[in-house]
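The values are calculated or read from the model by the stated rules, or taken from the named source; none is laboratory data. What you see is a predicted model; the values in this text were computed from it and never measured. Glycine also receives a Cβ, built like all others from the backbone with ideal geometry; neighbour counts cover every protein chain displayed.
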């Protein structure tokens with residue numbers, strides 16, 4: 001990378017060798033960030049986007065670098081709580097995406113005049129991402145401009161902090177003309193106003209080496225709120241404190257810097273997408289489409305069970321509010337539960353049974369058990385038991401759980417009973433049996449344990465099949481093509497067809513972007529390019545929980561490198577081609593769960609007990625996971641290779657509470673009673 005005389009980049013490590021040819025644009029720095037050296041880039045033009053969010057704002061930043069290295073920047077700034085009226089020429093479904101939002105380029109960019117020249121910092125030397133988005137412009141006439149974009153964690157604005165440094169040898173005297181734009185609109189909550197403006201001094205004088213800083217705001221006000229109260233320094237402080245918490249809590253260290261960095265970034269994306277709402281704080285997917293709403297898959301199943309391990313109070317509160325909302329909406333007539341509550345919880349989505357009761361049973365029981373909170377468990381127990389009974393009562397003659405669809409919502413055929421719904425029900429039974437024992441419901445625990453055994457038999461007898469010459473699973477009774485969700489039995493620890501399923505996932509279905517939704521050898525349309533990262537993330541977790549350590553790690557390296565350093569960074573994504581690979585938040589929680597539940601094999605077995613079944617890829621001699629919260633208690637986990645065995649040590653408050661040397665496939669139990 002070219003070393004600029006005004007800023008030096010230090011690269012931590014070269015890219016790891018990968019079996020696949022993954023084209024990379026970015027490198028890892030020593031500042032908990034990644035950087036793209038635009039000045040040395042020979043593959044221009046190139047464009048990308050990234051989403052960032054706080055409790056009252058989300059922003060998707062689109063940046064395009066042309067052949068000459070010039071930047072075009074567009075900001076899609078979204079204010080999720082400010083619901084707008086539908087336009088007369090819009091379809092009715094637009095009400096579900098009726099967020100007050102504005103897309104703005106550099107219309108209000110401040111104008112910098114040095115002598116008789118307007119300084120335009122459009123040519124870019126480099127771009128940096130580390131919880132904030134930073135553009136380093138090529139110096140013009142001795143002035144180097146840096147622009148740092150970040151969301152307010154608490155208020156309704158995105159701030160872009162400008163820094164102008166005199167990198168010349170002489171004093172620089174220049175003027176700045178502030179830009180301003182305002183647009184008003186009436187909405188359901190009152191008078192909305194979008195405002196964009198800079199707050200710079202009109203005249204600036206800089207000696208060599210000196211720097212002048214000022215903010216540009218892109219925000220919204222409601223009724224009597226005043227944009228004059230926007231505080232860039234406070235926003236910077238709060239964002240920095242959030243990033244520090246994400247770095248410290250659940251801190252992963254392995255010999256693989258790509259994986260370490262993507263794990264840290266995934267914590268950021270998973271935890272930042274939490275919004276104020278009428279339901280309280282709630283986690284939402286984001287992606288330009290899904291805000292101040294909750295879903296049975298994204299929030300209940302994917303992100304909710306992750307937050308207890310992260311030890312992030314805001315995340316745990318948001319997860320609890322999600323489960324509470326579903327609890328409050330249990331149908332009294334035996335019908336299926338809504339699969340989502342959109343637009344501040346105002347719109348329950350009840351038109352489709354996606355197997356949501358199974359998602360709720362699995363996600364809620366896991367969350368409650370891993371939280372170790374008796375009072376919470378008692379409150380949410382009715383939601384868990386209702387979900388389990390709904391699944392039990394909606395089985396076909398062969399014992400498979402019936403549902404109209406899965407989380408794909410009809411995008412692809414699922415039959416009348418699919419593998420996903422039955423397997424998630426199985427997972428819910430497993431955690432609920434343990435939870436019932438903790439709550440003193442002994443007979444229910446025995447019943448759930450018996451049903452668990454029966455359901456494992458159903459998964460084998462009803463879904464077990466030979467496809468593409470592999471002993472794996474068919475997704476529904478007449479399905480004859482390999483599907484992505486055949487990974488789910490692996491994530492639940494079902495090993496009967498592990499060898500064939502691992503081969504199907506990582507040899508047949510695998511692409512450089514992860515696992516295909518379906519390998520349909522009879523079609524030539526988009527079916528065989530469709531992928532959703534959530535299935536890849538489940539598959540990788542399942543590989544580590546069963547017998548797929550080596551192939552799982554090989555694919556994990558390639559996948560992590562692609563998502564962190566490739567052509568669309570720096571998080572795992574939703575899907576392609578649908579929504580063009582948006583950075584949905586809950587998928588980042590699933591990335592982290594590859595390590596907590598996959599490589600470390602952590603499973604809660606009681607309020608104060610977890611089982612740990614660790615593995616180490618053959619390239620690793622160690623792994624540490626510090627400040628992981630187990631039953632609400634922070635502990636540090638250390639793995640070290642000892643020949644063919646793994647030395648496991650767990651410390652609490654600096655004192656060792658568990659020490660074992662384990663053979664491959666063996667587990668230990670940590671008790672914090």
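Let's see how each residue does on (1) assigned to a loop (DSSP other than H, G, I, E, B); (2) over 33 Å from the mean Cα position of the chain (by Cα); (3) touching a residue at least 60 places away in the same chain (Cβ under 8 Å):
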| residue | (1), (2), (3) |
| --- | --- |
| 165 | no, yes, yes |
| 170 | yes, yes, no |
| 173 | no, yes, no |
| 192 | no, no, yes |
| 200 | yes, yes, yes |
| 205 | no, yes, no |
| 208 | yes, yes, no |
| 215 | no, no, no |
Checklist entry - For the stretch 581-600, does any single residue satisfy the condition of being outside any helix (DSSP H, G or I), assigned by TED's automatic domain parsing to the domain that holds residue 371, at pLDDT 95 or above and closer than 24 Å to residue 372 by Cβ? => result yes
Counting only residues in the stretch 439-448 that are in contact with a helix residue (DSSP H, G or I) (Cβ under 7 Å, 6 or more places away or on another chain) and part of a helix (DSSP H, G or I), the one surrounded by the most Cβ atoms within 10 Å (Cβ to Cβ) is identified as 448
| said: Can you confirm whether residue 572 is closer than 30 Å to residue 76 by Cα and surrounded by 19 or more Cβ atoms within 10 Å (Cβ to Cβ)? | reply: yes
Surrounded by fewer than 23 Cβ atoms within 10 Å (Cβ to Cβ), in contact with a helix residue (DSSP H, G or I) (Cβ under 7 Å, 6 or more places away or on another chain) and either in contact (Cβ under 8 Å) with a residue 60 or more places away in the chain or assigned by TED's automatic domain parsing to the domain that holds residue 370 (or both), is that true of residue 321? no
Within the stretch 505-526, restricting to residues that are in a loop (DSSP other than H, G, I, E, B) and within 18 Å of residue 480 (Cβ to Cβ), the one that is modelled with the lowest pLDDT is 525
Residue 313 passes all but one of the listed conditions (1) free of Cβ contacts under 8 Å to residues at least 24 places away in the same chain; (2) over 18 Å from residue 53 (Cβ atoms); the exception is number (2)
Selection from the stretch 449-475 of residues surrounded by 20 or more Cβ atoms within 10 Å (Cβ to Cβ) and either outside the structural domain of residue 359 (by TED's automatic domain parsing) or in a loop (DSSP other than H, G, I, E, B) (or both) yields 474, 475
Notebook entry, point to check: What do you reckon, is residue 352 over 15 Å from residue 281 (Cβ atoms) and surrounded by fewer than 24 Cβ atoms within 10 Å (Cβ to Cβ)?
Noted result: yes
Filtering the stretch 609-644 down to residues that are at pLDDT 95 or above, touching a strand residue (DSSP E or B) at 6+ places or on another chain (Cβ under 8 Å) and part of a loop (DSSP other than H, G, I, E, B) yields 613, 614, 615, 616, 620, 621
The residue from 420, 387, 432, 403 that alone is buried (at least 20 other Cβ atoms within 10 Å of the Cβ) and not in a helix (DSSP H, G or I) is 403
task = Say whether the condition of being in the same structural domain as residue 432 (by TED's automatic domain parsing), in contact (Cβ under 8 Å) with a residue 60 or more places away in the chain and within 18 Å of residue 424 (Cα to Cα) is met by at least one residue in the stretch 341-353.
result = no
Picking from 547, 479, the residue that is out of contact with any helix residue (DSSP H, G or I) (no Cβ under 6 Å at 6 or more places or on another chain), in a loop (DSSP other than H, G, I, E, B) and either buried (at least 23 other Cβ atoms within 10 Å of the Cβ) or in contact (Cβ under 8 Å) with a residue 40 or more places away in the chain (or both) would be 479
Selection status of residue 648, free of Cβ contacts under 8 Å to residues at least 40 places away in the same chain, surrounded by 21 or more Cβ atoms within 10 Å (Cβ to Cβ) and under 22 Å from the mean Cα position of the chain (by Cα) = no
Scanning the stretch 651-673 for residues that are in contact (Cβ under 8 Å) with a residue 60 or more places away in the chain and not in a strand (DSSP E or B), the one nearest to residue 621 (Cα to Cα) turns out to be 667
- Query: In this structure, is residue 266 within 30 Å of residue 640 (Cα to Cα), surrounded by fewer than 20 Cβ atoms within 10 Å (Cβ to Cβ) and touching a residue at least 60 places away in the same chain (Cβ under 8 Å)?
  - Reply: no
Exactly one of 409, 413 is under 30 Å from the mean Cα position of the chain (by Cα), in contact (Cβ under 8 Å) with a residue 40 or more places away in the chain, assigned to a loop (DSSP other than H, G, I, E, B) and on the phi > 0 side of the Ramachandran plot, and that one is 409
Taking the stretch 226-255 and keeping only residues that are surrounded by 19 or more Cβ atoms within 10 Å (Cβ to Cβ), closer than 23 Å to residue 562 by Cα and over 20 Å from the mean Cα position of the chain (by Cα), one is left with 254
- Task: Tell me, yes or no, whether the stretch 496-514 has at least one residue that is surrounded by fewer than 24 Cβ atoms within 10 Å (Cβ to Cβ), closer than 20 Å to residue 589 by Cα and touching a residue at least 12 places away in the same chain (Cβ under 8 Å).
- Result: yes
Filter the stretch 136-151 for residues that are in contact with a helix residue (DSSP H, G or I) (Cβ under 9 Å, 6 or more places away or on another chain) and part of a strand (DSSP E or B); the one that is surrounded by the most Cβ atoms within 10 Å (Cβ to Cβ) is 151
